[in-house]
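Below you'll find the structure, written out as structure tokens, and then a few comments.
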Amino acid sequence: MAKEKTLSDKMEKIVSLCKRRGFVFQGSEIYGGFAGTYDWGPLGVNLHRNVVGEWTKSMNMDHENIAMIDSSIFTAGKVWEASGHVSGFSDPLVICNNCHTKLRADHLLEIIGVVADEKMSELQINKIFDDNRTKLHCPVCGKKDFGKVTAKSLLATSTLGMFEEGDEQVYLRGETAQGIFINYKNILDSGFYSIPFGVAQVGKAFRNEISPRQFLFRKREFEQMEMQYFVSPKDAPVAYEEWKKERMAFYDRLGVDKNKLRWKQHENLVFYAKDAWDIQYEYPFGWNELEGVHYRGDYDLSQHQKFSGVDLSFFDEETKERYIPHVIETSVGVDRMILMLLADAYTEDEMNGEKRIVLRFSPNMAPIKVAVFPLLKNKPQLVEKAREVFVTLKKELGAVVFDDNGNIGKRYRRQDEIGTPYCVTIDFDTLEDGTVTLRDRDTGKQERVEISKLLESLKLN
Ligand code: ATP
């Protein structure tokens, strides 16, 4: 997998484990890689499914008034004009004159403790950059020789459906949220929802990130889980506080270390936002945004009303008031969530005097729930019994594997490394008394359990 200069030791180990065991592969690896893309391997797909499943449950199953949708990746170009992405969705690019590496000016400034961000104008950020030029050096070649800072659009363009000059420019979506705003009225008109209600979706987004880096943290093709909650202006501040509480509590359900999560308020609010907080996680490379929980006022619907000419106001029959609903948004990347889970779970410890790597996933996130082993692979009765247990568990749990390769110790290590909470071994006693050895990943504790009681002995939630 391509090495990044900024990866810490722990990150290097996580990246290497991900490839070795089939969680994540570099996109287009056999052709030397394609920057900013990664492919999920067999275990990655399971982890991904668990993350999306838990998020969907927290939105759709735990609430009566959240609708799920799945909108197109491609939309009319006007959507991105209305949203402000065409004119203002950019990152400050600066190029090293010596080695030609393309860098984010705000990230370079951050290294020396100077605050700048993508919301500043080109003029503002150039002024800050010039004031600090002498202190800034290229992280790749070390030289202090940069060009001017320019605003580089993050929107990726496409030619889908464009056949002649003058056709409207088409974009790949830069976020999933716009698909929700443009369907808000359709959902309201379908008659099942009324204010307040939320719309949630999971889907791919694309951004021309200047320097995709830190593995899954900053990709060019990534996935978002977003929810927009449409609420009256009067009720919005209370709803905002409730959603903030709920989103932080969600990470408890995933078993994430509380000490590595914190709130960070935006210092430089965009002009329309009423308030904006991010949930940050302490990744191996430092505290960084995991999820945004933002109170966006009526900006999004007002803009789409203006650009489309369609009335997006809501008439409240009870209060006889007409208003454009306010929006509370919760937005998190699947990839950043998975990287957090991997970093949080990664542990090196010693068991029975032997060093091991273990992913201490909470069982609901573990990609494989149980591994079933026959003690010896050359004893047909053991193999037959083990396959019987394996098939029964697999029918119930799905994510169960059979492994008869190598000695039991090696098999335990392999399962520890991918975070499997339980291993079940079928031995000669099993043939006599119908019990198996159930081994716990974290404690290494082994107990004898009757096959008929195996399922109820597993704590998987
Ligand atoms: P950053 O400041 O780190 O670039 P952002 O503030 O631009 O992030 P949002 O536009 O708020 O991010 O997107 C919502 C969420 O989508 C983020 O909190 C993050 O989890 C995820 N996300 C955004 N950009 C990327 C990316 N390039 N790769 C992976 N996930 C991303």
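Brief remarks follow.
- F217 vs. criteria open to solvent by 30 Å² or more (accessible area, probe 1.4 Å), touching a strand residue (DSSP E or B) at 6+ places or on another chain (Cβ under 9 Å) and assigned to a loop (DSSP other than H, G, I, E, B): no
- Beta carbons closer than 6 Å, at least 6 apart along the sequence or on distinct chains, pair a first residue in the range 434-461 that is touching a residue at least 40 places away in the same chain (Cβ under 8 Å) with a second that is part of a loop (DSSP other than H, G, I, E, B) and basic (K, R) for L460/K369.
- For the range 120-145, a tally of residues being open to solvent by less than 40 Å² (accessible area, probe 1.4 Å) and within 16 Å of the ligand (Cβ to nearest atom) returns 1.
- Test set (1) open to solvent by 20 Å² or more (accessible area, probe 1.4 Å); (2) under 23 Å from the mean Cα position of the chain (by Cα) - K185 fails condition number: (2)
- Of all residues making up the range 92-119, the number that are surrounded by fewer than 20 Cβ atoms within 10 Å (Cβ to Cβ) and either under 25 Å from E289 (Cα atoms) or in contact with a Lys or Arg (Cβ under 6 Å, 6 or more places away or on another chain) (or both): 15
- Residues that are part of a loop (DSSP other than H, G, I, E, B), farther than 30 Å from M11 by Cα, open to solvent by 30 Å² or more (accessible area, probe 1.4 Å) and without any contact (Cβ under 8 Å) to a residue 60 or more places away in the chain do occur in the range 221-237.
- Checked across the range 309-321, the condition of being charged (D, E, K, R), in a loop (DSSP other than H, G, I, E, B) and within 30 Å of E81 (Cα to Cα) holds for at least one residue.
- Restricting A249, A273 to residues that are more than 15 Å from the chain's Cα centre (by Cα) and in a loop (DSSP other than H, G, I, E, B) narrows the list to A273.
- Residue within the range 231-240 that is away from the ligand (no atom under 13 Å from the Cβ), farther than 22 Å from Y184 by Cα and of a type outside the set (F, W, Y) present: no
- Given (1) surrounded by fewer than 17 Cβ atoms within 10 Å (Cβ to Cβ); (2) at positive phi, number of the condition G297 does not satisfy: (1)
- Meets criteria (within 16 Å of the ligand (Cβ to nearest atom) and of a type in the set (K, R)) for R336: yes
- The set of residues in the range 254-297 being within 11 Å of the ligand (Cβ to nearest atom), among the β-branched types (V, I, T) and modelled with pLDDT of 95 or more consists of I279, V293.
- Wholly within the range 24-93, helices (runs of 4 or more DSSP H) carrying at least 3 residues that are among the β-branched types (V, I, T): 42-56
- Failed item in (1) in contact with an Asp or Glu (Cβ under 9 Å, 6 or more places away or on another chain); (2) on the phi < 0 side of the Ramachandran plot; (3) open to solvent by less than 20 Å² (accessible area, probe 1.4 Å), with C18 passing the rest: (1)
- Single residue of S331, S313 found to be farther than 22 Å from G444 by Cα and within 16 Å of the ligand (Cβ to nearest atom): S331
- Within the range 162-197, the set of residues being within 16 Å of the ligand (Cβ to nearest atom) and not hydrophobic (A, V, I, L, M, F, W, C) comprises Y171, R173, G174, E175, T176, Q178, G179.
- Put simply, of R411, R360 the only residue that is in contact (Cβ under 8 Å) with a residue 60 or more places away in the chain, of a type in the set (K, R) and either within 16 Å of the ligand (Cβ to nearest atom) or over 19 Å from K453 (Cα atoms) (or both) is R360.
- Filter result for the condition that a residue is closer than 20 Å to L290 by Cα and either of a type in the set (G, A, S) or touching a residue at least 40 places away in the same chain (Cβ under 8 Å) (or both), over V202, V170: V202
- Filtered residues of the range 335-377 (kept if part of a helix (DSSP H, G or I) and of a type in the set (V, I, T)): I338
- Odd one out for D117, checked against (1) away from the ligand (no atom under 16 Å from the Cβ); (2) in a loop (DSSP other than H, G, I, E, B); (3) more than 20 Å from the chain's Cα centre (by Cα): (1)
- Residue satisfying all of: in the range 367-390; farther than 13 Å from D427 by Cβ and in contact with a Phe, Trp or Tyr (Cβ under 9 Å, 6 or more places away or on another chain); surrounded by the fewest Cβ atoms within 10 Å (Cβ to Cβ) among these: R387
- Taken together, the criteria exclude H304 from residues that are within 21 Å of R247 (Cα to Cα) and either near the ligand (Cβ under 10 Å from one of its atoms) or of a type outside the set (F, W, Y) (or both).
- Residue match in the range 2-14 (condition: assigned to a strand (DSSP E or B) and either within 15 Å of the ligand (Cβ to nearest atom) or surrounded by fewer than 19 Cβ atoms within 10 Å (Cβ to Cβ) (or both)): no
The values are calculated or read from the model by the stated rules, or taken from the named source; none is laboratory data. Owing to the predicted nature of the structure, the values given are computational and were not obtained by experimental measurement. Note that we place each Cβ from the backbone using ideal geometry, even for glycine, and neighbour counts take in every protein chain shown. The accessibility values were calculated without ligands, DNA or RNA, using every heavy atom of the protein model including side chains. Shrake-Rupley method; radii C 1.70, N 1.55, O 1.52, S 1.80 Å.
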